[in-house]
Each structure stands twice: as C-alpha cells, then as structure tokens.
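Structure first, commentary second.
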Amino acid sequence: MLFDQITIVGVGLIGGSVGLAAKARGVAGRVVGVDRDPDCIARAAGVGAIDTGTTDLPAGVAGAQLVVVCTPVDRIADVIVAAARHVRPGTYFTDGGSTKGNIVAAVQGRLPAGVEYVAAHPLAGSEKGGAENGRADLFVNRVTVLIVGALGADWGRTVAVGRFWEALGSRVVLMNAEEHDRTVASTSHLPHAVASGVAAVTPKEWLKLTAGGFRDVTRIAAGDPDLWAAIFEANRDATLAALAQFTDRMTEFRTLLESRDRAGLVRWLTEGKQVRDALGT
C-alpha cells in the first residue's frame, strides 16, 4: 500500500479506472471520489471505483496523501490550486490530462509550501465515458508520461508519483511539457480530428455499407465533443503544426492520384505501412 487515502477529482472513465485499479492492486487503503455531478459519484460507487464520494472539494481532499485530478483539461489547474488550500503539507497532486504545458504554467508558483504537483498523462482511454466504463486494467502495460523540468527540481516527488502510476500497471516515461504536447498532437490529437472528419463526411445512409476499416478509423470520433474541444484549444499550436504536416501529406496523395502516378501511390502507401508495421499489433 502506497497511500492510506487517495482522492480522485473527476470520477469519469479515467478517474473511475484509477479508483478501480488502486483498489484492485491494494495501492490505497481508501479511495474518495469528488465530482460536481452526484450521479457520477453514485455510478463510481456502484461499480466499486470509490469507497465514498462527495461534491465538496475541500472535504474530499482533506485527508488525502495523493490527489489525482481527472477533470477535463481546461479545469485541471483551477482544481489543483483550489484543492491545494485544503490539504496537509506533504500531499502530492497528479492528473490525467492529455495536455501539459498549459496546466503546468497555470499551476506554477500557486501551491502552498509543502504541497507538490507532478503532471502526468496516462496514455490510455476509450471513446466511452463514465466510471461505469472504467477498467481496473486500463493502465496495464500502457505508458504514463510524467513531466519533468518544471515546478522545481524535487526528484523525490517525481519518484513517489511515478511509483503510484507504476503500481496501477503503467510504464512511466519522463518528458518535458513542450515535448509531450508536441508529440501527442501527432499521436493522439490529430488522429481524433481525422477520425471525426472522416465520420462527418460520410452520409448516414451509407453506414450500412461500412465494415471494419470505417469502424477502426472512426471509433474515437465517438468521444465527448466538449472534452475534445477543450483539448484542441489547450494544445492549439502543436495541433495546428501536426495538422499542417498531415495536410501536406494528403496534398501529396491528391497530386499522385490526379496524375495517375501508380509508382508514387505505392511509395506513398508503403511509407505509411512501414510506420504502422513498426507499431506492431
């Protein structure tokens, strides 16, 4: 057991999965959930993701040694700063947000003495939301990025929070915030935009003719639009840069197709296949 009590703020899919994993793996003696929506708390308690829950943030974090903030990215920094006034010195904060630079900058210099924040991004999730879709094994063999090079140089806090994510099954990777945001713009944020774009240009009456390819490409387009709009806004510059590269790539495809360049099309497709093959199954 790493912590007597952890508090999860935002008990949706990620927060619920954190709770389920922490309880299944004996990481915490007690798991408290905090959410603005009482129904979310009830669902999280119903699936066993939390031991108890509350809509009162100060009360929910008061006894925690670790607070895991799993709200949408545009709320994470404000939640951390607000909650930090109600915890004891020595309490750690971490989060599950998929953008990091904006959150780290907003928290910088605003925490009480003795309260530490280690920004994190577990690279796991689903197009389905809610604790009822959470899984105790969601983080197993998945990477969790911890952000270093910001908010001071306390290596001990990074080790402590890293052990928590490892205890949930993750493989921890260290990056700085800029590198993280630039990378996930290409590996996560751009794919979501592409999936949504492909889905949106497909007439609904054609859906009966779709098969595995369409489902594979568009699966993540079913994600929460409000959540993803906040992510795109938070990582705007890096996502625009990734989009520019993708646009250039698709322009090249269009040119090859228009010019009936069979050899060029084979080369273009082979380049994509080689990258996908390198990922494995």
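General remarks:
- Among beta bridges that DSSP assigns inside the chain, antiparallel share in %, nearest 5: 10 percent
- Reducing segment 3-62 and segment 76-100 to their Cα centroids gives an inter-centroid distance of 15 Å.
- Interchain or long-range residues, amide H under 5 Å from VAL9's placed H: VAL34, VAL68, VAL69, CYS70
- Taking each residue as 0.36 nm, the span from THR210 to ALA263 lengthens on full extension beyond its C-alpha to C-alpha distance by 16.2 nm.
- Dipole check for segment 158-275: with +1 at the C-beta of Lys and Arg, -1 at the C-beta of Asp and Glu, and the Cα centre as origin, the magnitude is about 540 Debye.
- Counting only whole DSSP H helices of the chain, the ones at least 24 Å long by C-alpha along their axis and with mean Kyte-Doolittle hydropathy no lower than -0.5 are 236-258, 262-279.
- The modelled label-to-label distance for the pair GLN245/GLU178, using points 7 Å beyond Cα in the direction of Cβ, is 1.6 nm.
- Accessible area of segment 100-242 divided out per residue, in Å², using a probe of 1.4 angstrom: 52 Å²
- Where both bridge residues fall in segment 20-177, DSSP classifies roughly 15% of the beta bridges as antiparallel.
- Judged by the mean number of other Cβ atoms found within 10 Å, the most tightly packed of the peptides 72-78, 268-274, 157-163 leads the ranking 72-78, 157-163, 268-274.
- When only the Cβ of Lys, Arg, Asp and Glu is charged (+1, +1, -1, -1), the dipole of the chain relative to its Cα centre reaches about 560 debye.
- Note on segment 97-230: with neighbouring protein chains present and a 1.4 Å probe, carbon and sulfur make up 55 percent of its accessible heavy-atom surface.
- Span from the segment 232-281 Cα centroid across to the segment 199-225 one, whole angstrom: 20 Å
- GNM flexibility winner over the chain from THR54, THR255, THR202 (Cα, springs under 10 Å): THR255
- DSSP bridge orientation in segment 102-198 - percent antiparallel, rounded to nearest 5: 40 percent
- Our helix-only sum for the chain, with -39,500 (n - 2.57) per DSSP H run of n ≥ 4 divided by its residues, gives a mean residue ellipticity at 222 nm of -14500 deg cm²/dmol.
- Order by protection proxy (mean Cβ within 10 Å, highest first), peptides 89-99, 166-176: 89-99, 166-176
- Unit charges at the beta carbon, dipole of the chain: most positive-side option, ALA167, ILE6, LEU57: ALA167
- Ranking THR255, ALA124, TRP155 by Cα position along the charge dipole of segment 111-264, where only Lys, Arg, Asp and Glu carry charges on their C-beta atoms, puts THR255 farthest toward the positive end.
- Per residue, the solvent-accessible area of segment 2-59 (1.4 Å probe, heavy atoms of protein chains only, all protein chains present) comes to 38 Å².
- Kirkwood analysis of segment 94-181, using all unique Cα-Cα pairs, places the hydrodynamic radius at 13.7 Å.
- Residue with peak Gaussian network fluctuation, the chain [Cα springs, cutoff 10 Å], from TRP228, TRP206, TRP155: TRP206
The values are calculated or read from the model by the stated rules, or taken from the named source; none is laboratory data. Please read all numbers here as calculations on a predicted model, not as lab measurements. Don't worry about glycine lacking a Cβ; one is built from the backbone with ideal geometry, like all the others, and counts go over all protein chains shown. SASA here: full protein model, heavy atoms, side chains in, ligands and nucleic acids out. Shrake-Rupley method; radii C 1.70, N 1.55, O 1.52, S 1.80 Å.
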